[in-house]
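The values are calculated or read from the model by the stated rules, or taken from the named source; none is laboratory data. Bear in mind the structure is a predicted one, so any value in this text is a computation, not a measurement. Heads up, the Cβs are rebuilt from the backbone with ideal geometry, glycines too, and the neighbour counts pull from every protein chain shown. Ligands, DNA and RNA are excluded from the accessible area calculation, which covers all protein heavy atoms including side chains. Shrake-Rupley method; radii C 1.70, N 1.55, O 1.52, S 1.80 Å.
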Amino acid sequence: MTFIEYLNRHRVRMASRMLAESDAAIVDIGNACGFESLSYFYKRFRQIAGLPPRAWRLKRAGGR
């Protein structure tokens, strides 16, 4: 695993936690986790988590 892969996985874990624990806007969560571009955040989140951030949040909320 490269450093960039590790960093993106760490950022997605942080974003996942924030998506589950807050109602903050997805763009704000992406920025807070270090993603400078919303499109890059969506791309990496989907690649790592298997769903886009909004779908992940909705799925998580449905499981509560």
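Restricting the search to the range 20-30, which residues are under 10 Å from the mean Cα position of the chain (by Cα) and open to solvent by 80 Å² or more (accessible area, probe 1.4 Å)? Matches in the range 20-30: none. No other residue among R60, R54, R46, R17 is open to solvent by 50 Å² or more (accessible area, probe 1.4 Å) and closer than 17 Å to I4 by Cβ apart from R46.
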